[in-house]
Amino acid sequence: DFSKAMSQAGTSQFQEVIRQELEYSMKVELDKILATAPSNELEYAKKDLEGFKKLFHRFLQEKGPSVDWGKIQRPPEDSIQPYEKIKARGLPDNIASVLNKLVVVKLNGGLGTSMGCKGPKSLIGVRNENTFLDLTVQQIEHLNKSYNTDVPLVLMNSFNTDDDTKKILQKYSHSRVKIYTFNQSRYPRINKETLLPIAKDVSYSGENTECWYPPGHGDIYASFYNSGLLDNLIGEGKEYIFVSNIDNLGATVDLYILNHLMNPPNGKRCEFVMEVTNKTRADVKGGTLTQYENKLRLVEIAQVPKAHVDEFKSVSKFKIFNTNNLWIALSAIKRLQEKNAIDMEIIVNPKTLDGGLNVIQLETAVGAAIKSFENSLGINVPRSRFLPVKTTSDLLLVMSNLYSLNAGSLTMSEKREFPTVPLVKLGSSFTKVQDYLRRFESIPDMLELDHLTVSGDVTFGKNVSLKGTVIIIANHGDRIDIPAGALLENKIVSGNLRILDH
């Protein structure tokens, strides 16, 4: 036993030496990179690399899945409230004064590359020529006009989206919404083999674009604080932010939730509210809220030990998932940030660059900080508050007659008989937005659709109606043109169907 203990001690000592060496080598490289910063960028670069150094230090300390599966418990009954209960309280007469304490924050760091678009994802047209950003501004402007309030919009950009977003913002200069931006940090990608940064200097244009990355939306706390904007908004009397992904079209300001935060029934305010919604089979990978060491904790699939992944995905055991619609107290962010007390698990995101080099990105997720805040709460909201547009299959849903658009908000058409959204799977010929748009002369009527699968070279004429389950498969080398005015109800179409103009 003694020799075993000695060898274990030896191993841990050895690992500690390696850790220290890695940390020292990293520091040397980061200092070299910092030395290349022009004086006007020095302060920003310093803050970014300091933040990265802390994250890297934690990455070296922690190994393996970060949750002890045995400690995971179901959250206590009252820690996740049904939305109906929150709504049943109604609204006070002074809802305008409550709204004036709110700031809307949209996570705007992502590019549209997965949908074949250049530039920020928020500038992709989603409905009647309106982009994600247009719809967001319209929603807040409608709020401000209706209640005579001053709810500002804050965009968290990344170095990938900042320039293009700022150019576009000029078009809203006459709208009744104050718009602020701040930037996420810029961290260096690490070579997977050497665990050293692949960047040699601070520039991030041209060949160097691949050397840097924005470190996930968990970076919001530090970068919001560092930008000075957090203090400014607190100085203006703002108390809560409502944070959501800019591509979640269901994430609109909810007055009932806001009222619950500002006027809690038990007099004790929540510092952090996470909107969760019931899982369907399509959401098995979403993060879930659990009770862990007497705190609410968000557990993501990446943190789950391999032996328990199937259990984690089970819809019966973990019934809800995080929509990433979050309500957070500004004063709490400031307090925790100043104490360096926001604890978020590290997500290690492996990537392969165009030249074949394997790198890793160290990231964090905004919802993971829930355990650092006092008196956190989950609210189980209707599915309609989670309407993300990640693919052209999602885009087809939001462009269709399933939804109507009013003041920037999409609502499910009353003509649809059941509240669930059809399951739509468009094949690889539809992945890029411009290919997708070219294949539909007009968006089909989908009010009575349950399921649509399309694969291969398929185009749709004008005024097509789809009902029930429709599967259209054009084999390799074949092409299917669905004729204008066609009604497909519970049909499988396969083979070759060409409609030629004569």
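Label zone of Q61 (point 7 Å out along Cα→Cβ, amide N under 14 Å): in region 321-365 this covers 340-346. Packing here is the average count of other Cβ atoms within 10 Å per residue, and on that basis the peptides 193-200, 73-80, 129-136, 272-279, highest first, run 272-279, 129-136, 193-200, 73-80. What is the list of residues in region 179-221 whose amide nitrogen lies under 20 Å from a point 7 angstrom out from the Cα of K118, following Cα to Cβ? Under 20 Å, as judged by backbone N against the label point of K118, lie 204-212 of region 179-221. Assuming a ≥ b ≥ c are the square roots of the Cα gyration tensor eigenvalues, decide whether region 337-482 counts as rounded (a/c under 1.5), prolate (otherwise, with a/b larger than b/c) or oblate. Cα axes put region 337-482 in the oblate bin. Annotation: per residue accessible area for region 69-385 equals 42 Å², rounded to a whole number [probe 1.4 Å, protein chains only]. In this structure, the residue pairs whose Cα-Cα separation is over 26 Å, taken from K415/K462; K85/K339; K27/K106, are K85/K339; K27/K106. On the basis of the beta-carbon distance and an R0 of 35 Å, K32 and A307 show a calculated FRET efficiency of 0.25. When each full DSSP H helix of the chain is screened for a Cα extent of at least 24 Å along its own axis and an average Kyte-Doolittle hydropathy of at least -1.0, the helices passing are 2-34, 42-61. Distance between the modelled labels on K47 and V315, one decimal in nanometres: 4.5 nm (7 Å Cα→Cβ projection).
Loop-located GluC sites (Glu not before Pro) in region 338-433 (DSSP state not H, G, I, E or B) with no more than 14 neighbouring Cβ atoms inside 10 Å: E374, E414, E417. Charge tally around N325: other residues with Cβ under 10 Å, Lys/Arg +1 each, Asp/Glu -1 each, net -1. In this simple spin-label model, placing a label point 7 Å from the Cα along the Cα-to-Cβ direction at both R19 and K171 gives a separation of 5.1 nm.
Full extension of the segment from I471 to S79, taken as 0.36 nm per residue of separation minus the current Cα-Cα distance, would add 136.9 nm.
Annotation: extensible slack from S39 through K491 equals 156.2 nm (criterion: 0.36 nm per residue apart, minus Cα-Cα distance). In this simple spin-label approximation, E193 and T431 carry label points 7 Å from Cα along the Cα→Cβ vector, and these lie 2.8 nm apart. Computed over the Cα atoms of region 69-385, the ratio of the radius of gyration to the Kirkwood radius (Rg/Rh) comes to 0.96.
Rounded to the nearest 500, the 222 nm mean residue ellipticity of the chain from helices alone is -8500 deg cm²/dmol, with -39,500 (n - 2.57) taken per DSSP H run of at least 4 residues.
The values are calculated or read from the model by the stated rules, or taken from the named source; none is laboratory data. Please read all numbers here as calculations on a predicted model, not as lab measurements. Note that each Cβ is placed from the backbone with ideal geometry, even for glycine, and that neighbours are counted across all protein chains shown. Note: areas computed on protein heavy atoms with side chains; ligands, DNA, RNA excluded. Shrake-Rupley method; radii C 1.70, N 1.55, O 1.52, S 1.80 Å.
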